[in-house]
Structures are given as structure tokens and as C-alpha cells.
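First comes the structure, then the notes that go with it.
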Amino acid sequence: MSVAIDLAGKVAIVTGAGSGIGRATSRLFARAGATVIAADRADSVHETPAGDPLIHPHQCDTADPASVAELVARAEREFGGLDIYYANAGISGAKAGYWDSEAEDWEEILRVNLIGPFLAVKHAAPAIVRRGGGAIICTASVAGLRSGAGPASYSASKAGVINLVQTAAQQLAGTGVRVNAICPGLIETGMTKRSYDYARAHDKMGKIGQVNPTRRGGEPEEIAGAALFLASPLASYVNGHALVVDGGLSSSHPLSPGELARVYAGP
């Protein structure tokens, strides 16, 4: 039996919607019937609707307090309220080593990746309460679970997001607002474009995702599907949770490719 997720009548904000996961999620939410405000500071956010009348681009800095307050106010002013806020906007930052990073590098990573989700909860939660409840979703990362999946500053910011949704869920107890995170693994987005371009140029696409048991990288639409679930009534009892969507990458401790097969013979 198939179950379709219906978001008709719901109003959603999706940040980082100018490309990648945010764009895919905006389009998926709209296909499910939601009115979507697609927010991003990049000009490319205006391309996200692609003719869909349910998607409304909004260009702003989603880590700026006044901008986030206005973003939520627009949802209430123009569309009657807010049911879903997906705080997806994020940056990977400089790839400098731990000892080569400067405080300024960390400040910008934390501003976008962690302060942005904090502002989402702060400003979206009251509006969602006024609608009788709903969902806040934040993009974290498998890099926030343990080291080895990203630079130190990026990893720390995403670990902060995981804790943020846990503490926010407790702060919002009894309000009807659920707060959850998604922890993507390797997904083909603007952040990973350099790695994917290199792999394609050097005939090494087989290396992409080689350390996860699914043996491939993920697509933005696969994270969008997880966001749709968390935004929907199907996830009505999921709260304060970090949902890992990584092809199984984080199910194991690090090991060399093929090592497990040598130790434990498979079928």
C-alpha cells in the first residue's frame, strides 16, 4: 500500500534554497502541496521555482537576526502563518588544517551553520505555535557525529546543530513544535562539487562513496525525502532526533576498503 505525504494548506520556509538540498526540498515540498518560501542569499534562489507557483523566492542572509525575523513575518503576512521551517543553509568554509585556521574562519562557519538554525528556532517556533504546531528541521551532518568527515570548524558547527535540536525540543515541550536534524553523508551539492568534478575528470567516480556500504554518494533529492518525512504527520512522534542519511557510512568505525571483507567473509 502506498502512502502519499500531503502538505496541502501548509506553509514552509526552506533556507539554502538556491541550490542543492534546499532547492530539491523546496520543489518536493511544493509537489506535496505546500506553499514554500525558498530563501537564500544567492541570486540563484530566483531560479528555484522553475515555474512552480507554490514556490516563492526570498533573497536574504538567513543567519542575520533581522532577516530571519522578516522571513517569518512574510510567511504570516502573505500566506497566513508558518507550519514548517527547514534551516538548511550552510557553508563548508576554508579547508585549512586545524592549526592553520583563524578565529575569523570559525566565526563565519558558526554564524551561518549554527547561529542560523538558532535564529530559525527562535523566530519560527512562536509562529508555528500560533498555527497549532508543526516542524522545525535543521541540516546537521555526519561530520557532527565524530571526526573524519569534514574540517574541524565545520564538524564542530554541525555537532552544535545536533545539540541545538535536542535542547530546542526540550525547550518547546508541550507546544506541538517538533525539532529534528538531518545528518547527510556525502551528497552531490555545491559543497562537494570540487570532489565530484575531480572524480569525473579522472574516471574515479567509483571512488565516490566507497567507504559506505551503499557504495555511492547521495543525491539532494534523497535528503529532501528525509525532510519531507520529518515535516509530515508520519513523523509525529519523532522529536529531538538527528536522522542520519548517509548510505550507512556512520554505521562502522573507519577501516580500509575491503578490510571488513577480509576479516568476515560475506555471502
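The values are calculated or read from the model by the stated rules, or taken from the named source; none is laboratory data. Note that the structure is a prediction, hence the values are computed from the model and not measured. Note that we place each Cβ from the backbone using ideal geometry, even for glycine, and neighbour counts take in every protein chain shown.
Please verify whether region 113-129 includes one or more residues that are of a type in the set (S, T, N, Q), closer than 27 Å to A169 by Cβ, modelled with pLDDT of 95 or more and not in a strand (DSSP E or B).
Looking through region 113-129, at least one residue is of a type in the set (S, T, N, Q), closer than 27 Å to A169 by Cβ, modelled with pLDDT of 95 or more and not in a strand (DSSP E or B).
Out of all the residues in region 52-60, is one or more assigned to a strand (DSSP E or B), farther than 16 Å from A227 by Cβ and in contact with a Ser or Thr (Cβ under 7 Å, 6 or more places away or on another chain)?
yes
Please work out which residue is nearest to R41 (Cα to Cα), limiting yourself to region 70-96 and to residues that are surrounded by fewer than 13 Cβ atoms within 10 Å (Cβ to Cβ) and in contact (Cβ under 8 Å) with a residue 24 or more places away in the chain.
Step by step, filter region 70-96, then rank; the result is K95.
For the structure I just gave you, tell me whether I13 is under 18 Å from the mean Cα position of the chain (by Cα), touching a residue at least 24 places away in the same chain (Cβ under 8 Å), under 19 Å from G132 (Cβ atoms) and surrounded by 24 or more Cβ atoms within 10 Å (Cβ to Cβ).
So I13 fits the description; yes.
Within region 154-267, considering only helices (runs of 4 or more DSSP H) that don't extend past its boundaries, which have at least 3 residues that are crowded, with 19+ Cβ neighbours inside 10 Å and modelled with pLDDT of 95 or more?
Those helices (runs of 4 or more DSSP H) span 220-231.
Provide a single number: the residues in region 138-153 that are more than 17 Å from L243 (Cβ to Cβ), hydroxyl-bearing (S, T, Y) and in a loop (DSSP other than H, G, I, E, B).
Within region 138-153, residues that are more than 17 Å from L243 (Cβ to Cβ), hydroxyl-bearing (S, T, Y) and in a loop (DSSP other than H, G, I, E, B) number 1.
Out of A38, A73, A30, report the one residue that is modelled with pLDDT of 95 or more, under 19 Å from P220 (Cβ atoms) and not in a strand (DSSP E or B).
Result: A30 is the single residue among A38, A73, A30 that is modelled with pLDDT of 95 or more, under 19 Å from P220 (Cβ atoms) and not in a strand (DSSP E or B).
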